[in-house]
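Below is one structure, written out as structure tokens, with a few remarks after it.
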Amino acid sequence: MMRTLAFVIFLSLAACGPAPIDQGPGATLGANPARLTAAQPTTVLKLVTWDEQGEPGTGTAHFDALGGALLEGSEVALTNGEATVTFRCVAGADPNCSGTVEVDAQWRGVTSSVFIQTQ
């Protein structure tokens, strides 16, 4: 009887699987292209966000660049969980536009970063 009960408990736990993981809100930031040159000094940054239920984020995202300029400004409204901005960084015109430039995006306490190479 005890073995049967243990086996039934084992089967019921195995059938249920592990407890769901609380993912919370999240965000990813990318740049296309990720390398800037004198001939191509701009890139498009795309932020993708999701809430606690995995649904597209809502509201406004804040972008912050340690060099260069965000052409649409630093506050961008999300559309279907996404925000895009154009980033311009001209080596020689801006002393912070040499080597690797970090751009951050924040949304609901989540920060995502991208590193852009400049030449």
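With the checklist (1) over 20 Å from Trp50 (Cα atoms); (2) surrounded by 13 or more Cβ atoms within 10 Å (Cβ to Cβ) in hand, flag the one item Ala93 doesn't pass.
(2)
What number goes with the only condition from (1) closer than 24 Å to Gly26 by Cα; (2) over 19 Å from the mean Cα position of the chain (by Cα); (3) among the aliphatic types (A, V, I, L, M) that Ala91 does not pass?
Only one criterion is unmet by Ala91, namely (1).
Pick out the one residue from Leu45, Leu66, Leu29, Leu78 that is among the hydrophobic types (A, V, I, L, M, F, W, C) and modelled with pLDDT under 95.
Details: Leu45 fails: modelled with pLDDT under 95; Leu29 fails: modelled with pLDDT under 95; Leu78 fails: modelled with pLDDT under 95.
Answer to the check: Leu66.
Of (1) of a type outside the set (Lys, Arg); (2) within 28 Å of Gly24 (Cα to Cα); (3) buried (at least 18 other Cβ atoms within 10 Å of the Cβ), Val44 satisfies all except one. Which?
Of (1) of a type outside the set (Lys, Arg); (2) within 28 Å of Gly24 (Cα to Cα); (3) buried (at least 18 other Cβ atoms within 10 Å of the Cβ), only one is false for Val44: (3).
The values are calculated or read from the model by the stated rules, or taken from the named source; none is laboratory data. Here the structure is a predicted model, which means the values were calculated and not measured. With ideal geometry, Cβ positions are generated from the backbone for all residues, glycine too; neighbour counts draw on all protein chains shown.
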